[in-house]
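**Student:** Before we start, here is the structure in question, set down as structure tokens.
The values are calculated or read from the model by the stated rules, or taken from the named source; none is laboratory data. As the structure is a computational prediction, the values presented were derived from the model and not from experiment. Cβ placement follows ideal geometry from the backbone for every residue including glycine, while neighbour counts extend to all protein chains displayed.
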């Protein structure tokens, strides 16, 4: 399996917000740089117990989360799967939420089995194969080439989702995920970058690198409407907190989204934080985290 981290708390926040953006923005084209598999058999691990299983067991305590596009899609998927519990990756979320509206999907990954699962799920949910391109290769490079080949103005109805496992991936080489984020943003695409971190120090390094790239591309934060929503475990830097939740903090950096989409994501982030106020992890520590919108430009 190419991605053993599915269903952890980073996935829950990532997919909760992404589903809201897809349902609200309804882009005509959807591109992914690091797709992973379309779906995964939902087995139990400590990370998933704290992540997706805690969410499912407690979601009825929140009307906002219960009525979210993410939860609705999970319920639809449960009905479609029958007795085999599965968890949707971002490709399946996009295919299900945009199957009647999107004209084209582009999914990139270096793992051929993951890409094959996307093609299978597209047919399963009724998306014609002519609308789906699965490309095996470096997603950053592939999508940069796609942007370069697209006429000016034609990306306004495209949502580009950039999801590197390592938030600092490629920042010392020619083309990084942040280069793709800034290039897509400058071209007018609705752009979303997920990033994770394990400590406050790592978060600072990540933000320093992201801000340097944004400034190098001369991105106008007000014109591109940059927005970021971030969750951070309260015990993130506690040396006695030995449990590995997958990520101790993560965020979504976005550009060119509408006011309603940003507000919806903020509401969902706040509500997710409230849901986890009483969460605990196997070491007995609190699993509570804070949600914040970030303004660092």
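**Student:** Do you know which residues across the stretch 125-139 are closer than 17 Å to residue 158 by Cα and surrounded by fewer than 18 Cβ atoms within 10 Å (Cβ to Cβ)?
**Tutor:** 131, 133
**Student:** Next up: If residue 146 passes every condition in (1) without any contact (Cβ under 8 Å) to a residue 60 or more places away in the chain; (2) on the phi < 0 side of the Ramachandran plot but one, which one does it miss?
**Tutor:** Failing condition for residue 146: (1).
**Student:** On to the next question. Hey, can you tell me all the residues within the stretch 219-232 that are farther than 20 Å from residue 163 by Cβ and either in contact with a strand residue (DSSP E or B) (Cβ under 7 Å, 6 or more places away or on another chain) or at pLDDT 95 or above (or both)?
**Tutor:** 225
**Student:** Within the stretch 25-41, can you find the residues that are crowded, with 21+ Cβ neighbours inside 10 Å, in a loop (DSSP other than H, G, I, E, B) and more than 14 Å from the chain's Cα centre (by Cα)?
**Tutor:** 27
**Student:** Tally time: how many residues in the stretch 140-157 are under 18 Å from the mean Cα position of the chain (by Cα) and either over 11 Å from residue 32 (Cα atoms) or loosely packed, with under 12 Cβ neighbours inside 10 Å (or both)?
**Tutor:** Total meeting the criteria: 0.
**Student:** Filter the stretch 81-121 for residues that are loosely packed, with under 15 Cβ neighbours inside 10 Å, part of a helix (DSSP H, G or I) and touching a residue at least 24 places away in the same chain (Cβ under 8 Å) and give the result.
**Tutor:** 112, 113, 120
**Student:** Taking the condition of being in contact with a strand residue (DSSP E or B) (Cβ under 9 Å, 6 or more places away or on another chain) and not in a helix (DSSP H, G or I), how many residues in the stretch 44-65 meet it?
**Tutor:** Residues flagged as in contact with a strand residue (DSSP E or B) (Cβ under 9 Å, 6 or more places away or on another chain) and not in a helix (DSSP H, G or I) within the stretch 44-65 amount to 0.
**Student:** Exactly one condition in (1) in contact with a strand residue (DSSP E or B) (Cβ under 8 Å, 6 or more places away or on another chain); (2) surrounded by fewer than 22 Cβ atoms within 10 Å (Cβ to Cβ); (3) assigned to a loop (DSSP other than H, G, I, E, B) is not met by residue 247; state its number.
**Tutor:** It fails just one condition, (2).
**Student:** Follow-up. Have a look at 265, 182 and point out the one that is outside any loop (DSSP other than H, G, I, E, B), in contact with a helix residue (DSSP H, G or I) (Cβ under 8 Å, 6 or more places away or on another chain) and more than 19 Å from residue 143 (Cα to Cα).
**Tutor:** Of 265, 182, the one residue that is outside any loop (DSSP other than H, G, I, E, B), in contact with a helix residue (DSSP H, G or I) (Cβ under 8 Å, 6 or more places away or on another chain) and more than 19 Å from residue 143 (Cα to Cα) is 265.
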